[in-house]
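What follows is a set of notes on a single structure, which appears directly below.
Any read-out appearing in this document is the output of simple, stated calculations on the displayed coordinates, not a laboratory observation. What you see is a predicted model, and the numbers here were worked out from it, not measured in a lab. A quick note on method: Cβ atoms are made from the backbone with ideal geometry, for glycine too, and the neighbour counts reach across all protein chains shown.
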Amino acid sequence: MRRQGGLDRFRLPAAFLVVAIHTGPLTSFTEAGDVFLTSVLARVAVPFFLMVTGFFLHPRWAEGWAGIRPAWRKTAGLYLAATLLYLPLMVYKGDFLRKNLLWVEFRDLLFNGTFYHLWYFPALLLALPLTLLLIRSLGQRGALRAAGGLYLLGVLGDSWYGLAALLPPLDALYRQLFFFFDYTRNGLFLAPLFLLLGSELARRPELSPKTAAAGLGISFAVMTAEAFWLRSMEWPRHDSMYLALPLVMVFLFSLLRSRKAPGNKALAELGQSIYVIHPWSIVLVRGGAKVLRLTWLLVDNSVLFYLSVCVLTVLLSLGWGGFWRRFGPKRKPRTRRAWVEVDRPALRHNLRELRSVLEEGQRIMAVLKAEGYGHGAAPLAALLEDEGVDAFGTATLEEALALRRAGVCGTILVLGYVPPEAAGQAVRHRLTLTVVDEAHAAALEETGKPVHVHWKVDTGMHRLGVPWERLAEAVKAAPHLVTEGVYTHLCVSDGRSKAEESFTIRQLERFHSSLDRLAQAGIRPKEIHAQASYGLLNYTGLGCTLARVGIALYGVLSDGVRPRGAVALQPALALKSRVVSVRTVPAGEGAGYGLAFRAERDSRLAAVSIGYADGVPRSLSGRGEALVRGQRVSFAGRVCMDQLLLDVTDLPEVKPGDTVTLIGRDGDQVLSAEAMAGAAGTITNELLSRLGPRLERVFFS
Ligand SMILES: *Cc1c(COP(=O)(O)O)cnc(C)c1O
């Protein structure tokens, strides 16, 4: 369960603050008090909602549009519902009799909100794709800076407008802008910054409650002073955006977040419906008071007016909630054909376990080649960066570029060969390349570009690397290259036999002697690494700064050989599909290609929508297993490119739509990736890395 109850609990007060903005509870008593409440204090409410959205979306940005689409759709649905809800009111007020109706409606739809009080929805609808675009093109940091710039532009058209009005060219610019929208507090200028601040806080260590409270006190005092000073200057055109507001929000959000309590969905939903429904309550209270001749009491007394609106809103919200639960649309059945489920907590757990066996000063380099062994590289990288991983390995330049584009900030080392023609690209995107031999080093040096490299040393695997005896000379001959690291690869570190252990030790001795010679030449690379998963689990005390961990991070062993290091790993991936058709086949019939299945009795066969093009090895034909309704069943006949058959004769209740588990758990039955790879005569690394691009990746927390 996500423990963000502190955030959920503030949604209610935030919603009531929004109501306060629109009713002005203190107007009939104190003007300064009213200004403080509606123009200062209540201005935290909408930025708070935006930050919460950014906070929970933060792992999703890396997944691209697919990651934020659900949030966008939900907002669009709410916006549509709210617009319909207020249609009668808009008709009544004569909104549709205005001049330039189409243009006015277009502006309202995109920026102002179809009903004035509901500008939050269009702001979010515009800001979500805009923010994604900023992150994609500028990275997380660049996006934050750009959004900060937009916010400043917004402030100058809002509470600091008087300043802009003093400068004719700026004034002209804002006049142009206000042709498009009435206020700058919208999806363009206000929302992106708070979405990004929410995301940023989610990936940073938390502030202590004391620091957050002190920061909140100071920044809020500054904002109050700013607001009153601006008023005395008569500068505000509107009062939603202050220079100090982002700071106030960062501290407020940190303080709320530090309150650990279970999340509360009911409170969150109530907050939302209060926001949507309160404008109706305002109208109803006014109208009702008129009819009952109670205007003097319920409307003219601003506190009573506010309270009546709040009470009516809560009653309507609760009533609406009940109605919706009973008659609203039920969850749509899933329509996925075949998919991979990734268990975020298991990945975090594996990372913790692996970190516990690192040496002093050693870090994890997460190896994310082949879509992170089939798990989905970009979302995985986002999760790992959150957990403090700052180095990543890929097989190809394209994989590395994709991670950069997805917003990964840390070191990205390409473990495979990259042609020297791509040196400029590597430098531009801060990618680190592997030098695979002396000819490669010479060709990279030839480009004259300051490419950041890790030198690979061949210590006995004889695949890639400069021969260990010649490393120092090779490095000295390439002065343009920026030598960040040196590494080698162990080829039998998974084996536990005497011969394999002594070979590995010889590889490590050669590696260290090449490093010693490099040191004699005055070159001490920052990063030194030798271990992949099994190397890390079987060998320690190597003086390395990184461990390049792939398969173990995913919670899987390569081929079932138990390593020496005692770590408890949890598999993070499940492979699932669906039954799409069930039929009965009489005894004696064959089924599938080559009629390789023969029915020995009257049989029921279930066709499942997954095949070898999705990564289910064809070699499992006739001997693979899957789970349906918590029971083990066998593959029937050959695995096809897009489908396979299961023999479900003993499970008469199986029907189309049933979930089929090929890797993972169903009830108390488990099928492991190790067992599947073993049955297919391969290792899990191959099995997982071949899970195809047609599979949807579904992450759950
Ligand atoms: C793939 C790879 C790794 C990761 O290997 P695992 O056994 O999956 O941990 C490490 N180093 C290099 C050079 C690799 O190519």
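Which residues, counting only those in segment 263-305, are among the β-branched types (V, I, T) and free of Cβ contacts under 8 Å to residues at least 24 places away in the same chain? Quick ask: steps written out before the conclusion?
At the first step, the residues of segment 263-305 found to be among the β-branched types (V, I, T) are 274, 276-277, 282-283, 285, 291, 295, 299, 303.
V291, T295, V299, listed by residue number.
Within segment 401-432, if we keep just the residues that are in a loop (DSSP other than H, G, I, E, B) and within 15 Å of S137 (Cα to Cα), the residue that is nearest to the ligand (Cβ to nearest atom) turns out to be V408.
Counting residues in segment 120-135 that are without any contact (Cβ under 8 Å) to a residue 60 or more places away in the chain and among the polar types (S, T, N, Q) gives zero. Checking each residue in segment 365-394 for being buried (at least 24 other Cβ atoms within 10 Å of the Cβ), within 14 Å of the ligand (Cβ to nearest atom) and not in a loop (DSSP other than H, G, I, E, B) picks out M365, A366, V367, G372, Y373, A377, L380, F392, G393, T394. Residues that are within 20 Å of F503 (Cα to Cα) and part of a loop (DSSP other than H, G, I, E, B) within segment 517-557 comprise A530, Q531, A532, Y539, T540, G541, L542, G543, C544, listed in sequence order. With respect to T27, determine if the residue is polar (S, T, N, Q), more than 18 Å from the chain's Cα centre (by Cα), surrounded by fewer than 22 Cβ atoms within 10 Å (Cβ to Cβ) and not in a helix (DSSP H, G or I). It is true that T27 is polar (S, T, N, Q), more than 18 Å from the chain's Cα centre (by Cα), surrounded by fewer than 22 Cβ atoms within 10 Å (Cβ to Cβ) and not in a helix (DSSP H, G or I).
Count of segment 502-544 residues, restricted to those that are surrounded by fewer than 17 Cβ atoms within 10 Å (Cβ to Cβ) and among the hydroxyl-bearing types (S, T, Y), is 3.
Yes/no per residue for (1) part of a loop (DSSP other than H, G, I, E, B); (2) within 24 Å of Q520 (Cβ to Cβ); (3) in contact with a Cys (Cβ under 8 Å, 6 or more places away or on another chain); (4) polar (S, T, N, Q):
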residue	(1), (2), (3), (4)
T434	no, yes, no, yes
A442	no, yes, no, no
P450	yes, no, no, no
V453	no, yes, no, no
M461	yes, no, yes, no
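Does A346 meet the test of being within 15 Å of the ligand (Cβ to nearest atom) and either assigned to a loop (DSSP other than H, G, I, E, B) or in contact (Cβ under 8 Å) with a residue 40 or more places away in the chain (or both)? When the stated conditions are applied, A346 does not pass them.
Only one residue in V342, V311 is surrounded by 12 or more Cβ atoms within 10 Å (Cβ to Cβ), among the β-branched types (V, I, T) and under 22 Å from the mean Cα position of the chain (by Cα), so which one is that?
Exactly one of V342, V311 is surrounded by 12 or more Cβ atoms within 10 Å (Cβ to Cβ), among the β-branched types (V, I, T) and under 22 Å from the mean Cα position of the chain (by Cα), namely V342.
If the condition is being under 26 Å from the mean Cα position of the chain (by Cα) and within 14 Å of the ligand (Cβ to nearest atom), then segment 534-570 contributes L546, A547, R548, V549, G550, I551, A552, L553, Y554, G555, V556, L569. Pairing each residue of segment 559-588 that is without any contact (Cβ under 8 Å) to a residue 60 or more places away in the chain and in a loop (DSSP other than H, G, I, E, B) with any residue that is among the aliphatic types (A, V, I, L, M) and surrounded by fewer than 20 Cβ atoms within 10 Å (Cβ to Cβ), provided the two are 6+ apart or on different chains, yields C-beta distances under 9 Å for A566/V357; P586/A599; A587/A599; G588/A599.
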